[in-house]
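Down below is the structure, laid out as structure tokens.
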Amino acid sequence: MKHNFNAGPSILPKEVFEEASKAILDFNNTGLSILEFGHRTPTFEAVVEEAMSLVKELMQLDVNKEVLFLHGGASTQFFQIPMNFLNKEKKAAYLDCGVWGTKAIKEAKQFGPVEVVASSKDKNYSYIPKGYQIPSDVAYFHYTTNNTIEGTQMHGIPDTDVPLIADMSSDVLSTVMDFNKFSFIYAGAQKNIGAAGVNLVIIDKDFLKHANTGLPSMMDYSQHIANGSMLNTPPVFAIYVCLLTLRWLKKIGGVSAIQQINEEKGRLLYSTLEKYPIFTLPVPAEDRSLMNAVFTMSDPQLEEMFLTLCKQEGMVGVKGHRSVGGFRVSMYNAMPLESVKVLTDLITDFADKHA
Ligand SMILES: *Cc1c(COP(=O)(O)O)cnc(C)c1O
């Protein structure tokens, strides 16, 4: 039995794996694999339609929001967004609170002026900056809701009249929030909503009116919308896995139900780690992520021993990102509470032995 704490691509519900494998052999009793199925068919169009409408339902989006499934991962959005909404005269504001946000800033600078309103780089991105001012004369304010590598999460939406853009790759659909406050949301699917290869994009129609024109078709959001996410061949299998995951989320009670489970997992793990001084939690309690918990040990030998133990017990993906070190435990929506319990039991045993 494996317990998969990978940061992404990451765990998905078991029933999603089962249904996805069935569809590889026989998709919807058509006698064809989903991998050989035409995307411009009523059967596949129904998949995209249902996935879009489940996103709208689960996120309670208003009628002004368009849902897209695009290629290229979140990293493509790092440049596609400024390509659409910036130019020499149109400035953007960015919050610099992690490795992914930094990459988004770097790309945006190629298209227009960027003002970094605050940064937590001074402490290796181990906290969320607070008390910063967002200028009112910018085209948008961009931030990352959950910093996958550093284990920080923004708990609350910044209060501003400026259009909000968020990279929600690693915590979308994990917590109830007013998604309608955003002009633009994007999320690579491989952390919380499906298989790698597709990106969930949500755009406010009024915000889209400010987009630049004369862009290559594949970079133009309006053309993707007009073609229902089928401007070219969409990542059919990845979209199908999203649909299965969205169905699963709805069945278990939607975002508010999963939020309760996510909070329980986070409480259990963080409170266990806090009990033992051999562990260090670099992120202050108010900024800790419920999706990616980061911790270290002061003794590198003990770290090595703990990693070996995790391996023996079937725990996958607990080694920290190379930029932070130590450990990172990812607990996305599909991670069952039971797996976190197994891990915290292991932590407790280990800490008792080595205290
Ligand atoms: C993983 C991740 C990305 C990068 O996603 P790709 O799909 O690999 O481009 C961007 N932002 C955040 C917050 C992530 O967690």
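The values are calculated or read from the model by the stated rules, or taken from the named source; none is laboratory data. Quick caveat, the model's predicted, so the values are computed rather than measured. Every residue, glycine among them, receives a Cβ derived from its backbone with ideal geometry; neighbour counts consider all protein chains shown.
How about segment 53-80: which of its residues are hydrophobic (A, V, I, L, M, F, W, C), more than 16 Å from residue 189 (Cβ to Cβ), away from the ligand (no atom under 16 Å from the Cβ) and touching a helix residue (DSSP H, G or I) at 6+ places or on another chain (Cβ under 7 Å)?
Across segment 53-80, the qualifying residue is only 61.
Run residue 94 past the list (1) in contact with a strand residue (DSSP E or B) (Cβ under 6 Å, 6 or more places away or on another chain); (2) among the hydroxyl-bearing types (Ser, Thr, Tyr); (3) within 12 Å of the ligand (Cβ to nearest atom) and report the number of the one that doesn't hold.
With (1) in contact with a strand residue (DSSP E or B) (Cβ under 6 Å, 6 or more places away or on another chain); (2) among the hydroxyl-bearing types (Ser, Thr, Tyr); (3) within 12 Å of the ligand (Cβ to nearest atom) applied to residue 94, the lone miss is (3).
Helices (runs of 4 or more DSSP H) wholly in segment 170-287 with at least 2 residues that are among the hydroxyl-bearing types (Ser, Thr, Tyr) - which ones?
Per the criteria, 221-226, 236-251, 254-274.
Which condition number does residue 174 fail, the rest of (1) more than 10 Å from the ligand (Cβ to nearest atom); (2) closer than 18 Å to residue 119 by Cα being met?
(2)
Under the condition of being surrounded by 16 or more Cβ atoms within 10 Å (Cβ to Cβ) and hydroxyl-bearing (Ser, Thr, Tyr), which residue from segment 168-218 is farthest from residue 288 (Cα to Cα)?
183
Of all residues in segment 69-107, which are of a type in the set (Gly, Ala, Ser) and over 20 Å from the mean Cα position of the chain (by Cα)?
Residues satisfying the conditions are 92, 93.
Let's see how each residue does on (1) in contact with a Lys or Arg (Cβ under 9 Å, 6 or more places away or on another chain); (2) closer than 22 Å to residue 193 by Cβ; (3) touching a residue at least 12 places away in the same chain (Cβ under 8 Å):
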| residue | (1), (2), (3) |
| --- | --- |
| 30 | no, no, yes |
| 45 | no, yes, yes |
| 50 | yes, yes, yes |
| 61 | no, yes, yes |
| 65 | yes, yes, yes |
| 68 | no, yes, yes |
| 82 | yes, no, yes |
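Considering only segment 42-52, I want to know if a residue exists there that is among the β-branched types (Val, Ile, Thr), more than 16 Å from the ligand (Cβ to nearest atom), surrounded by fewer than 22 Cβ atoms within 10 Å (Cβ to Cβ) and farther than 20 Å from residue 158 by Cα.
First pass over segment 42-52, keeping only residues among the β-branched types (Val, Ile, Thr): 43, 47-48.
Keeping just the survivors that are more than 16 Å from the ligand (Cβ to nearest atom) gives 43, 47-48.
The next check asks that each one be surrounded by fewer than 22 Cβ atoms within 10 Å (Cβ to Cβ); those that pass are 43.
Checking which are farther than 20 Å from residue 158 by Cα leaves us with 43.
Yes: segment 42-52 contains one or more residues that are among the β-branched types (Val, Ile, Thr), more than 16 Å from the ligand (Cβ to nearest atom), surrounded by fewer than 22 Cβ atoms within 10 Å (Cβ to Cβ) and farther than 20 Å from residue 158 by Cα.
Is it the case that some residue within segment 104-111 is within 10 Å of the ligand (Cβ to nearest atom), closer than 26 Å to residue 152 by Cβ, without any contact (Cβ under 8 Å) to a residue 40 or more places away in the chain and assigned by TED's automatic domain parsing to the domain that holds residue 196?
No, because not a single residue in segment 104-111 is within 10 Å of the ligand (Cβ to nearest atom), closer than 26 Å to residue 152 by Cβ, without any contact (Cβ under 8 Å) to a residue 40 or more places away in the chain and assigned by TED's automatic domain parsing to the domain that holds residue 196.
Looking for whichever is surrounded by 17 or more Cβ atoms within 10 Å (Cβ to Cβ) and more than 25 Å from residue 51 (Cβ to Cβ) here; the options are 127, 132, 221. Which one fits?
Only one candidate qualifies: 127.
Is there a residue in segment 28-37 that is away from the ligand (no atom under 16 Å from the Cβ), assigned by TED's automatic domain parsing to the domain that holds residue 182, of a type in the set (A, V, I, L, M, F, W, C) and assigned to a helix (DSSP H, G or I)?
yes
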